[in-house]
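Worksheet: the structure to be examined is printed underneath.
Each reported figure results from applying straightforward, stated rules to the coordinates on display, with no laboratory input. Everything quoted here is computed from the prediction, not taken from an experiment. A quick note on method: Cβ atoms are made from the backbone with ideal geometry, for glycine too, and the neighbour counts reach across all protein chains shown.
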Amino acid sequence: MSNLYFYTVIIVSLVLFLIGVYGVLTRRNAIGILMAIEIMFNAANINLVAFNKFMHLEASIGIIFPIFIITLAAAETAVGLALILAIYRNIKSVNVEKMELLKW
Amino acid sequence: MTKGFIPEAIMQGLLALTPEVFVLCLAFFIIIADLILPVKSKRNILDIAAVGLTGALLLTIGALFQQGMYIFNNALVVDSFARFFKIIILVSAVFMLLMSRDYKALENNKIGEYTALVVLVTLGMMLMAGASDLLMLFLSIEFVSIVFFVLVGFVKKDSKSREAAVKYFLIGAFSSAVFVYGASFLVGVTGASSFPSIQQYLIAHGISNLFIVGLLLMLVGFGFKIALVPFHMWAPDAYEGAPAPVTAFLSVASKSAGVAVLIRTFLAILPDNSNVNLILALLAAITMTVGNLVALTQNNAKRLLAYSGIAHVGFIMMGFVAYGLFGVQSVLIYTLAYLFTNMGAFAFVIAIYNKTGSDDIRDYGGLSLVSPALAFVFFVFLISLAGVPPTAGFLGKLLVLGAAIDSGYTWLAVIGVLNSVVSLYFYARIAYFMYFAKEKKITEAIKPSLSLNIIIYSSLFMVLYICLLPEQFLNLAKKTVQLLTGSFHGY
């Protein structure tokens, strides 16, 4: 029974991850891409906690690791938003297709 | 157990990390100095940082062959292998600070921030070289990436710089998300995050498919860091847009740190390497070929060096695919050669940029007439990049190819040799513009500043020295690999 539950959780995390990848590949808005990346980070968090709960209950690393991931994702987003804001002032857009100064 | 205020284990760890602690203190010192110094004398902060990092470099060199050990609950390992890469990182950081001294695009009032970031990112890369725990690995890689996002976009007036930073950021964040998803499988399967514990688990339970999947996803993160081909898209853009000293730093230090973690991770937690190795070999072949072929049509010097850097990563991976004592040894020599060659070449790009304000290689015409000695030195760096004797690049390529053939990857070595021939063309193209171009764009003699001269001539010395008297470098690399701690294979 708990085995079935475990697989459900892992599949949820896999689906989240794939949604994230799909979002990164199809979005043209830089903020949208950033949000998709956040979803991917959360997929990893769910994975870690689920594995810890169902397979290695005695280990604490699966609980500690997500805390670091959440913190780092926040830091990364802060820097990312600053960079996106900086380019918005230049080209008045956050569409990645408009960023075409650098090519090949 | 605990004597005094600080527990013994932590004290021991801090002692082993003396250079890192030193660099951290230096970073805080620079932030304070930035607040105190008047705007006019802010350029001196670069000198302070360069001197400080040289001190850390000497500390690291002094301890090079000390016995390796794990510290902080196996989070970090301090051994000769890590120290070797720390030396490469510190040398390139010092060179980079010297290059920044008279790089025109940097404004005086931003120098303090800039230097502090450079020193901090050096610390991050030093930690990366010694990481032996998935958590530590993730944290240090992110540390380095996030600071580099800022450094790449540092010149606010330049819209190319901003665009490069955004592109670098989006691809970097994506690949680190994939990396951490892969790491979550590794942690999940083994219930541990430090390499020694993962090793123990694998010895007891064997390797599972989920583990391999996790490792391959992690390869995306590593591949991004060292610009391996399917994940290299950021490199040319970031290199072209970033301020040239940052580009040089990014191409040498960040790449070597990436190579260091990649090698350590795969040696430490992959017992049977045959299948994964084939994937790495294919990636190496594709990386070399794509890097060299796209470089053929480039006209921007920084962009050309970016693609050439991608091709060089292919060669480094070829040495790594060979595994074993000889393989890793060849990687070390190749990285050392790449450090001095690339730094020398970038110093030239900056010297010419400072004079003419252009990075286009078609604007290099006439260089050989107005300053023939400099043109010749540049030529030496170019043939070292291409791997022609008597330069360090040649020795590196020779060893890497030898290692590949030695371990049965003859097809890979053949691709490597063919790529070398291709690469000769676009390096020679720069030399062609320097020597034979009809349009003489450069009409006055180029006089690099003292700091650029130091970089150029010390790099030239090392490039020739490594090739002509290779014995001690080979011994050094061999001893370094033998003292590598925590490998599955044990040399």
>> Helix-only estimate, please: 222 nm mean residue ellipticity of chain B, summing -39500 (n - 2.57) across DSSP H runs of length 4 or more and dividing by its residues, to the nearest 500.
In response: -25000 deg cm²/dmol
>> Distance between the C-alpha centers of segment B:138-157 and segment B:426-491? Whole Å please.
In response: 26 Å
>> With the cut-off at 1.5 for a/c, could you classify chain B from its C-alpha gyration tensor as rounded, prolate or oblate?
In response: oblate
> Relative to the longest principal Cα axis of chain A, at what angle does helix A:2-26 sit, 0 to 90 degrees, rounded to 10?
Replying inline: 10 degrees
> Average partner chain C-beta neighbours within 10 Å, per residue of A:95-102?
Replying inline: 5
>> With the cut-off at 1.5 for a/c, could you classify segment A:2-98 from its C-alpha gyration tensor as rounded, prolate or oblate?
In response: oblate
> Looking at this model, which pairs from B:K157/B:K355; A:K98/B:K438; B:K255/B:K440; A:K53/B:K255; A:K92/B:K157; B:K255/B:K302 are more than 27 angstrom apart at the alpha-carbon?
Replying inline: A:K98/B:K438; B:K255/B:K440; A:K53/B:K255
> Which part of segment A:49-71 falls in the paramagnetic zone of A:V15, meaning amide N under 13 Å from the point 7 Å along Cα-to-beta-carbon?
Replying inline: none
> Given the pairs B:K42/B:K104; B:K104/B:K160; B:K156/B:K225, which are separated by over 20 angstrom at their Cα positions?
Replying inline: B:K156/B:K225
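Sorted by packing (mean other beta-carbon atoms within 10 Å per residue), highest first, where do B:226-232, A:69-75 land?
Result, highest mean first: B:226-232, A:69-75.
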>> Could you work out the percent of alpha carbon pairs in the protein assembly as shown separated by over 35 Å, rounded to a whole number?
In response: 36 percent
> Which of rounded, prolate, oblate describes segment B:272-491, given a ≥ b ≥ c as roots of the alpha-carbon gyration tensor eigenvalues and a/c under 1.5 marking rounded, otherwise prolate only if a/b is larger than b/c?
Replying inline: prolate
>> Place a point 7 Å from the Cα of B:T410 along the Cα-to-Cβ direction; which residues of segment B:298-335 have their backbone N under 18 Å from it?
In response: B:322
> All other residues with a Cβ under 11 Å from the Cβ of B:F81 taken together, and with Lys, Arg as +1 and Asp, Glu as -1, what is their net charge?
Replying inline: +3
> Relative to the longest principal Cα axis of chain B, at what angle does helix B:195-205 sit, 0 to 90 degrees, rounded to 10?
Replying inline: 50 degrees
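Starting from 0.36 nm per residue, how many nanometres of slack lie between B:N275 and B:N73 once their C-alpha separation is accounted for? Walk me through the numbers before you get to the answer.
Numbers: separation 202, 0.36 × 202 = 72.72 nm, distance 3.14 nm.
Gain on stretching B:N275 to B:N73: 69.6 nm.
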>> 5 Å is the cut-off here: which amide hydrogens, built 1.01 Å from N in the peptide plane, fall below it relative to B:S194, excluding neighbours closer than 5 in sequence?
In response: B:L134
> What residue among A:A50, A:A78, A:A30 has the largest mean-square fluctuation in a Gaussian network model of chain A, using Cα springs under 10 Å?
Replying inline: A:A78
> Across peptide B:183-196, how many C-beta atoms of other chains are within 10 Å of each residue C-beta, on average?
Replying inline: 6
>> So if I take the centroid of the Cα atoms in segment B:375-404 and the same for segment A:8-70, what is the distance between those two points in Å?
In response: 44 Å
> If we sort B:189-196, B:467-474 on the protection proxy, mean other Cβ atoms within 10 Å, highest first, what's the order?
Replying inline: B:189-196, B:467-474
> Expressed as a whole number of Å, what is the distance separating the alpha-carbon centroids of segment B:1-45 and segment B:246-280?
Replying inline: 29 Å
> Lys/Arg Cβ at +1, Asp/Glu Cβ at -1, dipole of chain B taken about the Cα centre: which of B:Y425, B:N299, B:A177 is farthest positive-ward?
Replying inline: B:N299
>> Counting only GluC sites (Glu not before Pro) that sit in a DSSP loop (anything but H, G, I, E, B) with at most 12 other Cβ atoms within 10 Å, what is the longest stretch of chain A containing none of them?
In response: A:1-57
>> Name the residue from A:I37, A:Y22, A:Y88 whose Cα lies farthest towards the positive end of the charge dipole of segment A:2-98, charges +1 on Cβ of Lys and Arg and -1 on Cβ of Asp and Glu.
In response: A:Y88
> Over all residues in A:56-65, what is the mean tally of Cβ atoms on other chains that come within 10 Å of each residue's Cβ?
Replying inline: 5
